[in-house]
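Got a structure for you, questions after.
The values are calculated or read from the model by the stated rules, or taken from the named source; none is laboratory data. Predicted, not measured: the structure shown is a model, and the values here were computed from it. Counting neighbours? That spans all protein chains shown, and the Cβs are built from the backbone with ideal geometry, glycine included. These area figures cover heavy atoms from the full protein model, side chains too; ligands, DNA and RNA do not enter into them. Shrake-Rupley method; radii C 1.70, N 1.55, O 1.52, S 1.80 Å.
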Amino acid sequence: MLAYKQKAHNLNRSAAIAEWTPPYEAETKCALAPTDESSTQAVAKDGPDTSLIAIVDRRALGREVLTTALATANGGFNSRTYAEIGEWLIDENRHSTSAILLGIGGIGSDNPDLAADLRCLAREYPQIPVLVMGDIEDPYQIIEFLSHGVRGCIPTTASLGVAIGALSLAIAGGVFVPASALLDTSGAPRQLPPDARSVFGLTARQAAIADGICRGKPNKVIAYELNLSESTVKVHIRGIMKKLQARNRTEVAFRLHATKAGPRWPMAPC
């Protein structure tokens, strides 16, 4: 009888232990488990380093794929999706956008509606970088997109890591272009075409400095190789940019590389 009572006591004690839950654990579960979708969004947007990306794509699948990719990339991005630019323009939260990622598929830079949208965004919201994602690796098209105010061209052949890096660079104030646009299929850098001087009216010295820019050389190296001072190189670069109607070294390189492949697209006014 004593053994039976002891066994019953042990069973009751075990049941009591199994039913007891530490108070802090219950509170933690309650705090971490959102009760609805709006709670989930509020938790997701709380981080101080989180960037809000506006994904604009006419294709529903494209929007869903990009949203999922950014959510799982661990790059500090949240996103809102829109079927067209007009939807974003009437969104009350548009001013909190860190960057706009525009999916264009196979649409070219010469599409008048796309060009108008891009110029409108660059004019009305210059503080928000716009990046285009699509079948864009042709130097002509990239130059055209840059002239419309685009701050990044992401080809669909790029990896997710490259796309994340492009977004981060644009948000930080940089401009992203695919390296493949500057390389031949062999991987060798494209050479400055011999007629670039006549096309753009460059002097012999400017052409030599422009060649260094195309090769990705910093001013210090260009100055050393040409036996010039860095200040003189900077003066020449300003003259080169003026003649090529380029805003930065990246545009200088693309405009010069484009002369090798054939006639340029007619440049639309910014």
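Do any residues in segment 82-99 that are over 17 Å from residue 67 (Cβ atoms) have Cβ atoms under 7 Å from those of residues that are open to solvent by 30 Å² or more (accessible area, probe 1.4 Å), where the two are at least six apart or on different chains, and which pairs are they?
85/117
Go through the residues of segment 111-123 one by one and say whether even a single one is free of Cβ contacts under 8 Å to residues at least 60 places away in the same chain, more than 23 Å from residue 245 (Cα to Cα) and open to solvent by 30 Å² or more (accessible area, probe 1.4 Å).
Yes, because at least one residue in segment 111-123 is free of Cβ contacts under 8 Å to residues at least 60 places away in the same chain, more than 23 Å from residue 245 (Cα to Cα) and open to solvent by 30 Å² or more (accessible area, probe 1.4 Å).
Which of (1) closer than 28 Å to residue 241 by Cβ; (2) crowded, with 18+ Cβ neighbours inside 10 Å; (3) in contact with a strand residue (DSSP E or B) (Cβ under 7 Å, 6 or more places away or on another chain) does residue 139 not meet, given it meets every other one?
(3)
Per-residue answers, yes or no, for (1) touching a Phe, Trp or Tyr at 6+ places or on another chain (Cβ under 8 Å); (2) at pLDDT 95 or above:
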position: 76; (1), (2): no, no
position: 82; (1), (2): yes, yes
position: 85; (1), (2): no, no
position: 97; (1), (2): yes, yes
position: 104; (1), (2): no, no
position: 108; (1), (2): no, no
position: 113; (1), (2): no, no
position: 120; (1), (2): no, no
position: 128; (1), (2): no, yes
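Would segment 160-175 turn up any residue that is closer than 15 Å to residue 250 by Cα, assigned to a loop (DSSP other than H, G, I, E, B), open to solvent by 30 Å² or more (accessible area, probe 1.4 Å) and in contact with a helix residue (DSSP H, G or I) (Cβ under 8 Å, 6 or more places away or on another chain)?
Quick first cut of segment 160-175, residues closer than 15 Å to residue 250 by Cα only: 166, 169-170, 173-175.
After this cut, where a residue has to be assigned to a loop (DSSP other than H, G, I, E, B) as well, the list is 173-175.
Pick out the ones that are also open to solvent by 30 Å² or more (accessible area, probe 1.4 Å) and you get 173, 175.
Add one more test, that the residue is in contact with a helix residue (DSSP H, G or I) (Cβ under 8 Å, 6 or more places away or on another chain), and what stays is 175.
For segment 160-175, residues closer than 15 Å to residue 250 by Cα, assigned to a loop (DSSP other than H, G, I, E, B), open to solvent by 30 Å² or more (accessible area, probe 1.4 Å) and in contact with a helix residue (DSSP H, G or I) (Cβ under 8 Å, 6 or more places away or on another chain): present.
Moving to a separate point now. Out of curiosity, is residue 86 surrounded by fewer than 13 Cβ atoms within 10 Å (Cβ to Cβ) and closer than 21 Å to residue 155 by Cα?
Criteria not met by residue 86.
Can you tell me how many residues within segment 205-255 are polar (S, T, N, Q) and in contact with a strand residue (DSSP E or B) (Cβ under 7 Å, 6 or more places away or on another chain)?
Number of matching residues: 0.
Among (1) farther than 30 Å from residue 51 by Cα; (2) modelled with pLDDT of 90 or more; (3) charged (D, E, K, R); (4) crowded, with 16+ Cβ neighbours inside 10 Å, which single condition is residue 234 missing?
Only one criterion is unmet by residue 234, namely (4).
Please tell me if residue 173 is in contact with a Lys or Arg (Cβ under 8 Å, 6 or more places away or on another chain) and over 24 Å from residue 65 (Cα atoms). First the steps, then the outcome.
Working: in contact with a Lys or Arg (Cβ under 8 Å, 6 or more places away or on another chain): no; over 24 Å from residue 65 (Cα atoms): yes.
Considered against the rule, which asks whether it is in contact with a Lys or Arg (Cβ under 8 Å, 6 or more places away or on another chain) and over 24 Å from residue 65 (Cα atoms), residue 173 comes out as no.
Run down 76, 106, 134 and say which single residue is in contact (Cβ under 8 Å) with a residue 24 or more places away in the chain, loosely packed, with under 13 Cβ neighbours inside 10 Å and under 27 Å from residue 179 (Cα atoms). Can you show your working first?
Details: 76 fails: loosely packed, with under 13 Cβ neighbours inside 10 Å; 134 fails: loosely packed, with under 13 Cβ neighbours inside 10 Å.
Only one candidate qualifies: 106.
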